[in-house]
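Written below as structure tokens is the structure these notes are about.
The values are calculated or read from the model by the stated rules, or taken from the named source; none is laboratory data. On a predicted model such as this, the values are computed, not experimentally measured, just so you know. Heads up, the Cβs are rebuilt from the backbone with ideal geometry, glycines too, and the neighbour counts pull from every protein chain shown.
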Amino acid sequence: MHFSTLRSPGTPIGLLVLNRNGIAWGLIAIALLAITSQPAQAIPAFARKYGLPCSACHEAWPKLNNFGQVFKDNGYQLENDRDSPIFQNNAYFPITIRMTPQWHLEHNQRQQVDGPLGTSIEQNITTSGFDLSGIDIWTAGTLYKNISFQVLPSADSTGAFHFESAWVRFDNLFGSSWLNLKFGKHELDTPISEKRFLFLTANGGFFQLYHFTPVGGPGLSSLNQFGGIGDNQLGVELMGHSKNSYTRYAVSVLSSNSGNVGLPTNQSYDLYLNGSQAFEAGRLGLQRVGAFAYVGRSPTYFLTDGGAAIPGTGRGDRSFYRVGAYGIWYLGKFDFSTLYMHGLDNAFLATNTPANTPLPLGSRSPTWNGGFIETHFTVNPQFVLVNRYEAIRVSRQAFTVLPGTTTTVPSDFGDIDAFSVGYRWYPIMFSRAGLAWHQEYSYVRSRKTSLVNNLDQGNSSLLMGFDFDF
Amino acid sequence: MRGTRWNRWAGVGLAAAVLLCAGAASAQESHVGKYSGNAKAGKINYRRYCIGCHGPAGDGNGENAPWIDPKPRDFTAAVFKCRSTPTGTLPTDQDLYDAVTRGFDTTNMPPWMPLTVVDRVNLVAYIKTFSPKWKSDKAGAPVEIPAESPVTIESVLHGRELFQKMECWKCHGPEGHGDGPSAATLTDSKDRPIPPYNFSTGTRFKCGNTNRELYRIFMTGLDGTPMPSFADVIKPADAWDLVHFLRTLQPLVTPEATVWKAWVTTHGNELKPIGPEQAPGVGQ
């Protein structure tokens, strides 16, 4: 292999370098990236149904363009009176699989490992090799005109399945595109879809901001059950849009279980709102601005039986919220997405304190601000360069001093900086299947989070692989 | 050394000149309202959105064409159904833009309204590069559409009379179900079977949905199909009467249908059926 690790004075353990024979590989790899951790959505079953190339709906699949957005907003209908399954051959079944055989390298800095005499030490860990992503097995489409559906059993790379989404949607209620009702587990109408973005690595394959949850200090955990707005959720969504989807809104009422089935938490409900407006800027293209908010509650303790929590009996609900604004900007072939988000978790959640016990002295509800800028340069429908920088800054820590200790919590504890860069090349572009050669590099640094020495941790991923769906 | 440099610059200049000439040769523009489109930009979006059906050469032989019915438009023939211009003439850029925007119901052509205006205008410019007719001919002058006459029962009944007299029923059927005696024999300009419009479905017409657009279809015809232009054989007032009658054949709530239903409940037995047994001109 062309990669090697080098340890020398002043050089972090495991720093990735290239030997002479690896320079060519390295030049390529610098632009590249890693592991599929998020189910992503591109459905050639639709392309087959309508005879359109992937590029009709996707800027670069799975990222939607506005035509694809309108198609999705219409309930997977083109509205040309050919949408109902009655117009399809009886043998047609809208099913799609997606997977990414890959090679990837993961480098994790300052990981806690067992040391001599029962101690713990920190060490950099690097691993690499050929691997598989998870697999998505999609079926989606229309049950009837203006009744659409989606079922997505998704497995991780070991083959363990779960339902990533499963819903039925009633479209164009009362003949209006402003009223569409979705029922079931669904992707929130997030500002920039995490399911349809163009990153696959373990560190870059999700928005840090969509899943960030603050904790009280190093080694502590949060009681918040909410996995973030990037997770698919269980509930109902009322969504509406103008005919060209330039104006859009969505309201979801969701069980407070972060999309987990079996009623595992409590009986409260969360609320998610998103609204946006697009406008044309001449030859630059379509620009969109919007705002969103998620308000939820999470239990802080459960009834127990023999000490074990009884699912669904969550008590002592405490609140949290995420609010933000965003913009999606086009400058011809170049486009970039910007997002700002502010969040707050109740002190009980962040300090891991059941609400039937008093809060530790000095504890506060942590707040944070974050944002990202993600850029794409679509050279043509078959080649796209991608890049993203993301930052999260905790503006108020849950503790200034850890309870029962003299250990102060640094003001930047848990701050995150994340960077990804890569490209996707689609050697084929037609209406039957999709294939992309994907290369990506991602790096995430979190401040003062190492468990032994409370130092910064940096994790990086490098991935190259064939992302295909059929 | 200096000579080498000059040679290099000369080569660059020559290459640039060749490229400029090539660009000029393929230059095609479109004009819709205040927007101007160019074919070069349109080609990018044509590859992205249109090529799967209409094909790289614009001849309607895209990879999906074998499975599509009706077949995609052959742009190399420069024959278009939906025009505001007289039969046999090229459509205006606005006509092509409207067709792209509106799409065609009951076909695989979706409405491309989600694309920006600029993108659609550019597509129109590129579509015009597929046939030399766009360089040798000019688009026809749009037919004039006079103000619509009032919707009255007299107008509807006269339209019904014309439906019989002009033998519309032979293709569209006596009840407008698209099942006239000639329906099964109809073919388009490429000798492919083509069904007449079935009014009872209530779906949008090929070239629009309003009464004005239906009026225009009479006057321009649908080039490339058996639907002729009636511009030379029908007066504007008669054409509006025919529009009013045709609306009664659709299962829609329209002013025409309201007037018609009210009249039929009391005078229905006075109507003579439309069809071959009727002598021309004896509609009522």
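Here is a check on your reading of the model: is residue A:80 polar (S, T, N, Q), surrounded by 15 or more Cβ atoms within 10 Å (Cβ to Cβ) and outside any loop (DSSP other than H, G, I, E, B)?
Values: polar (S, T, N, Q): yes; surrounded by 15 or more Cβ atoms within 10 Å (Cβ to Cβ): yes; outside any loop (DSSP other than H, G, I, E, B): no.
It is false that residue A:80 is polar (S, T, N, Q), surrounded by 15 or more Cβ atoms within 10 Å (Cβ to Cβ) and outside any loop (DSSP other than H, G, I, E, B).
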Would you confirm whether any residue within the range B:241-250 is touching a helix residue (DSSP H, G or I) at 6+ places or on another chain (Cβ under 9 Å) and surrounded by fewer than 21 Cβ atoms within 10 Å (Cβ to Cβ)?
-> yes
Reported set for the range B:36-92 where residues are in a loop (DSSP other than H, G, I, E, B), within 14 Å of chain A (Cβ to nearest Cβ) and touching a residue at least 60 places away in the same chain (Cβ under 8 Å) is B:70, B:71
Only one of A:225, A:287 is under 26 Å from the mean Cα position of the chain (by Cα), buried (at least 16 other Cβ atoms within 10 Å of the Cβ), within 14 Å of chain B (Cβ to nearest Cβ) and outside any helix (DSSP H, G or I), namely A:287
Subset of the range A:375-403, residues away from every other protein chain (no Cβ under 14 Å) and part of a loop (DSSP other than H, G, I, E, B), comes to A:397, A:398, A:399, A:400, A:402, A:403
Checking the structure you have, find out if any residue of the range A:261-278 is under 24 Å from the mean Cα position of the chain (by Cα), more than 21 Å from residue A:231 (Cα to Cα) and surrounded by 16 or more Cβ atoms within 10 Å (Cβ to Cβ). yes
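How many residues are closer than 27 Å to residue A:380 by Cα and crowded, with 20+ Cβ neighbours inside 10 Å if we restrict to the range A:83-107? Talk me through it step by step, then tell me what you get.
First, the residues of the range A:83-107 that are closer than 27 Å to residue A:380 by Cα: A:96-104.
Next cut, crowded, with 20+ Cβ neighbours inside 10 Å only: A:96, A:98-100, A:102, A:104.
Number of matching residues: 6.
Kindly check whether there is at least one residue in the range A:192-214 that is at negative phi, touching a residue at least 12 places away in the same chain (Cβ under 8 Å) and assigned to a strand (DSSP E or B). Can you show your working first?
Taking the range A:192-214 first, the residues at negative phi are A:192-214.
Subsequent filtering for residues that are touching a residue at least 12 places away in the same chain (Cβ under 8 Å) retains A:192-214.
Then drop every residue that is not assigned to a strand (DSSP E or B), which leaves none.
No - not one qualifying residue is present in the range A:192-214.
With the condition kept exactly as written, say whether any residue in the range B:115-132 is more than 14 Å from every other protein chain (Cβ to nearest Cβ) and surrounded by fewer than 18 Cβ atoms within 10 Å (Cβ to Cβ). Lay out the reasoning, then the answer.
First, pick out the residues of the range B:115-132 that are more than 14 Å from every other protein chain (Cβ to nearest Cβ): B:124, B:126-132.
Subset that is surrounded by fewer than 18 Cβ atoms within 10 Å (Cβ to Cβ): B:132.
Within the range B:115-132, one or more residues are more than 14 Å from every other protein chain (Cβ to nearest Cβ) and surrounded by fewer than 18 Cβ atoms within 10 Å (Cβ to Cβ).
For the range B:139-156, which residues satisfy the criterion of being touching a Leu at 6+ places or on another chain (Cβ under 7 Å) and either part of a loop (DSSP other than H, G, I, E, B) or surrounded by fewer than 16 Cβ atoms within 10 Å (Cβ to Cβ) (or both)? Outline the logic, then answer.
Restricting attention to the range B:139-156, the residues satisfying the condition of being touching a Leu at 6+ places or on another chain (Cβ under 7 Å) are B:139-140.
Result: B:140, single match.
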Quick count over the range A:76-102, residues being more than 14 Å from every other protein chain (Cβ to nearest Cβ) and in contact (Cβ under 8 Å) with a residue 60 or more places away in the chain, is 7
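Would you list the strands (runs of 3 or more DSSP E) that sit entirely within the range A:108-166 and hold 2 or more residues that are on the phi > 0 side of the Ramachandran plot and within 26 Å of the chain's Cα centre (by Cα)? Show your work before the answer.
Numbers: elements: A:120-131, A:135-144, A:147-155.
Once the strands (runs of 3 or more DSSP E) in the range A:108-166 are filtered for at least 2 residues that are on the phi > 0 side of the Ramachandran plot and within 26 Å of the chain's Cα centre (by Cα), nothing remains.
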- Query: Before we move on, is residue A:406 of a type outside the set (A, V, I, L, M), farther than 23 Å from residue A:343 by Cα, surrounded by fewer than 21 Cβ atoms within 10 Å (Cβ to Cβ) and more than 14 Å from chain B (Cβ to nearest Cβ)?
  - Reply: yes
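Of the residues A:244, A:257, A:203, only one is surrounded by 20 or more Cβ atoms within 10 Å (Cβ to Cβ), under 27 Å from residue A:313 (Cα atoms) and in the same structural domain as residue A:311 (by TED's automatic domain parsing); which?
Answer to the check: A:257.
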